[in-house]
Amino acid sequence: MVEDGMRTVVIGGGTNGMGRALTLERAKRGDRVVVLGRNRQRGESLAGGLVEFLPVDLSSVAETRLAIDEISARCEVVDALALFANAVAPERIETAEGLERTFALYYLSRYLLSFGLAPALERSSSPVIVNVAGVGVTRGSVNWDDPQLTGRYSMVRAQLQAGRANDLLGVGFAARAGSRARYVLYHPGFTRSGDRSALPRVLRGLLAVTAAVAAQPVEKAIGPIQHFVEDPPSEPLIAVDRGRRLPLTLPTLDPAEAERLMDLTEEILAAARS
């Protein structure tokens, strides 16, 4: 039972970093929070009270679809969806469904959750989706001929491609979903967040030193997200890069490219289903 005034917030990638911090803060403010993540130990340590943990590997299309079904069964209304799931991979990893893992986790799961939870979001009086990625960054692009990066993979290339795909996801959702949900593309900047365990030890050490000096704490990074949840923007789509509103005329937010990606995504998902 959801009490009057209580929001229901779904957090993809909520067991670590910024997602975990937002989970704790929203529960502290009296919201029901459904956390999605693969790490059972971290997830179960959060569960209890207003927090529900739903174990799911978001790099799996099948598991993500099952999670959407489960959330829809548990929650008639979803007020906010916050998307954080990501993990770096120095070497190319292919999922059981034949997908490059960074693309599947960082982009496809967010596409599925955004569109899949749209009916529950539509029942909210002020629904919002916050996609935490790299809007404002202009490096990288979607490799249209080989989005699974079978020919030329690098960790940076995979991250940049998925980041640019998330930019276009916001544009595509606003154009295609027919939803009242406001879509926020949010780049927090360098933050002491994320799982770097897959990185080589030397690189992990360098990043840890740099983060200690230059990165902002997660509590500061999630501040704007708290505002988006409690007071969604009036526009269907906004893009915010480190506190600065960006024009939607940026080349990385091109509507024609967004349409192209939406079509390509549906093709990829149809193939993953078969």
Which condition breaks for V10 when tested against (1) of a type in the set (A, V, I, L, M); (2) assigned to a helix (DSSP H, G or I); (3) under 26 Å from P224 (Cα atoms)? (2)
Name the pairs: first residue in region 210-234 and closer than 23 Å to S125 by Cα and at pLDDT 90 or above, second residue of a type in the set (S, T, N, Q) and surrounded by fewer than 18 Cβ atoms within 10 Å (Cβ to Cβ), Cβ to Cβ under 6 Å, at least 6 apart or on different chains? P232/S126
Return the residues of region 74-103 that are in contact with a strand residue (DSSP E or B) (Cβ under 9 Å, 6 or more places away or on another chain) and not in a loop (DSSP other than H, G, I, E, B); say none if nothing qualifies. R74, A80, L81, A82, L83, E94, E100, R101
Per the list (1) among the hydroxyl-bearing types (S, T, Y); (2) assigned to a loop (DSSP other than H, G, I, E, B); (3) under 20 Å from L121 (Cα atoms), residue check on S59 breaks on (3)
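Just give me the residues in region 116-131 being assigned to a loop (DSSP other than H, G, I, E, B) and of a type in the set (A, V, I, L, M, F, W, C), in sequence order. It would help to see each step written out before you state the result.
So the first thing to find is which residues in region 116-131 are assigned to a loop (DSSP other than H, G, I, E, B), and the list is 117, 123-127.
The one that is assigned to a loop (DSSP other than H, G, I, E, B) and of a type in the set (A, V, I, L, M, F, W, C): L117.
Determine, yes or no, whether R101 is among the charged types (D, E, K, R) and under 12 Å from the mean Cα position of the chain (by Cα).
On the way: among the charged types (D, E, K, R): yes; under 12 Å from the mean Cα position of the chain (by Cα): no.
Judged against the criteria, R101 is not a match.
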Which count do you get for residues in region 7-53 that are free of Cβ contacts under 8 Å to residues at least 12 places away in the same chain and buried (at least 19 other Cβ atoms within 10 Å of the Cβ)? 0
I'm trying to understand the selection: among the residues of region 21-36, which are part of a strand (DSSP E or B) and at positive phi? none
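The values are calculated or read from the model by the stated rules, or taken from the named source; none is laboratory data. No experiment lies behind these values; they were computed from the predicted model shown. Methodologically, a virtual Cβ is constructed for each residue, glycine included, from the backbone with ideal geometry; neighbour enumeration extends over all protein chains shown.
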